[in-house]
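Report on the following structure.
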Amino acid sequence: MFTNQRYLTCGIEAEIPMEAIAAMWIAIELMPEPKDRYQFFDLAPLGGCVQRITHNQEQPEYTCEVYAPLLLPDAVPVTAKVYVIDDGDHSTMLLADEY
């Protein structure tokens with residue numbers, strides 16, 4: 001799972017800093033098996049230019065917290081809920097309100 005083509009929705013591209021997007025894909029890659037086809041991320045500012053990312057899945061239960069420094073000039077930490085869904089053919093990262 002999550003080794004196929006990856007896609008971002010327009011909302012992700014417009015609202016989520018690139019460093020946070022990369023950190024979420026890496027968090028999925030590094031998590032132990034088994035992986036649920038639904039991955040959930042809660043993003044919150046952690047002061048300065050650091051993005052806190054809480055990664056969850058329901059089955060089996062899994063939680064991990066990641067911190068992503070935002071280094072690009074216009075990058076600003078955001079508050080958002082992000083889903084990543086693997087349908088077998090591709091993986092899509094989307095904002096919760098785009099679901």
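When all C-alpha to C-alpha distances in segment 1-48 are sorted into bins of 10 Å, what percent of pairs does each bin hold, rounded to whole numbers?
Spelled out per bin, shortest first, that is 19, 56, 23, 2.
What are the ³J(HN,Hα) values, in whole Hz, obtained from phi via the Karplus relation 6.51 cos²θ - 1.76 cosθ + 1.60 with θ = phi - 60°, for each residue of segment 13-21 in sequence order, with x given for Gly and Pro?
With coefficients 6.51, -1.76 and 1.60, one gets 4, 7, 10, 9, x, 4, 5, 5, 4 Hz.
Among VAL76, THR63, PHE2, flag the residue with its Cα farthest along the positive direction of the charge dipole of the chain, charges on Cβ as +1 for Lys/Arg and -1 for Asp/Glu.
VAL76
Once you keep just the Cα pairs under 8 angstrom separated by 6 or more residues, what percentage relative contact order results for the chain?
Relative contact order of the chain: 36 percent.
Report ³J(HN,Hα) in whole Hz for each residue of segment 63-70, in order, from the Karplus equation J = 6.51 cos²θ - 1.76 cosθ + 1.60 where θ = phi - 60°; Gly and Pro get x.
9, 8, 10, 10, 10, 10, x, 9
Just the C-alpha atoms of the chain: what Rg/Rh do they give, with Rh taken as the Kirkwood radius?
0.94
Determine the per residue accessible area of the chain with all protein chains present and a 1.4 angstrom probe, expressed in square angstrom.
Here the residues of the chain average 57 Å² of exposed surface.
The values are calculated or read from the model by the stated rules, or taken from the named source; none is laboratory data. Here the structure is a predicted model, which means the values were calculated and not measured. Every residue, glycine among them, receives a Cβ derived from its backbone with ideal geometry; neighbour counts consider all protein chains shown. Each accessible area value is taken on the protein alone, full model and side chains, heavy atoms only, with ligands, DNA and RNA left out. Shrake-Rupley method; radii C 1.70, N 1.55, O 1.52, S 1.80 Å.
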